[in-house]
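First up is the structure itself, then whatever we jot down about it.
The values are calculated or read from the model by the stated rules, or taken from the named source; none is laboratory data. Everything quoted here is computed from the prediction, not taken from an experiment. Here the Cβ is made from the backbone with ideal geometry for all residues, glycine too, and neighbour counts use every protein chain on show. Just the protein is used for accessible areas: all its heavy atoms, side chains included, with ligands, DNA and RNA removed. Shrake-Rupley method; radii C 1.70, N 1.55, O 1.52, S 1.80 Å.
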Amino acid sequence: DAKRRHDYAHLINDSGHHLLSVVNGILDMSKIESGNFEITPEPFAPRQVIQECCTLLGYKAREVGIDLVVELPDSLPDMVADKRSLHQIMLNLVSNAIKFTKRGGKITVSAQSDPDNMTVVVEDTGVGIGTDDLPRIGDPFFQARSSYDRHHDGTGLGLSIVKGLLGLHGGDIAIVSKLGEGTRVAIRLPLDCEAARKRIELASARQP
């Protein structure tokens, strides 16, 4: 009947999007690891990019009963970086937070800056990560699963791609988590990634 055809079409569509996401994740990770992933730095306002990602995923959060709070200062400065990379980083981080936060939980996205860097924090009240698994979070294809119920699909590439993209910008990531109490992910990005990369290359060239 019509309803069953609609359900099948919806299932096929979701499966197609999931497969495309998996393939794109593997391709991106492969390019990053081989040094063939090229970023295109440009001046832009990061506040707008972060807000757009949170707005996009806010609908999903509301559907599953999660409160997504965004706290971005108006004074957040423009930056020189790859806009698409920041978009991908934020989608991965907020999606992960939604995935591992139960109904009635809360996710907070905040940002701040100093003269050289911007720091974005995604904090949730989700299931958290076990002490044994935490050091391996961000390794390609690794999924923390031994200490709590994993009932979500995934490739284990999301945070690996985030780490790779941050590295290409001269940035880094810090994760603090505890089982049953949630996770706090903080990313640091230079406000001028081109200048930061040049400093890193110069420092590497000076090493014996």
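Miscellaneous remarks
- Accessible-area value, residue 78, 1.4 Å probe, nucleic acids and ligands omitted, Å²: 100
- Once the C-beta distance of residue 205 and residue 48 is scaled by a Förster radius of 45 Å, the resulting FRET efficiency is 0.80 to the nearest 0.05.
- Relative contact order for the stretch 49-98, counting Cα pairs under 8 Å that sit 6 or more residues apart, in percent: 58
- Net lengthening on full extension, residue 110/residue 5 (0.36 nm per residue, minus Cα-Cα): 33.5 nm
- Across the protein chains, with a 1.4 Å probe defining accessible surface, the residues 163, 99, 3 rank 3, 163, 99 from largest area downward.
- Surrounding net charge for residue 120, when Lys and Arg each add one and Asp and Glu each subtract one, Cβ distance under 11 Å: 0
- Between residue 87 and residue 102, the simple spin-label model (points 7 angstrom out along Cα→Cβ) gives 3.6 nm.
- Per-pair calculated FRET efficiency, R0 = 41 Å: residue 69 and residue 194 via Cβ, rounded to 0.05: 0.80
- Treating r as the C-beta distance of residue 40 and residue 78 and R0 as 22 Å, the FRET efficiency rounds to 0.90.
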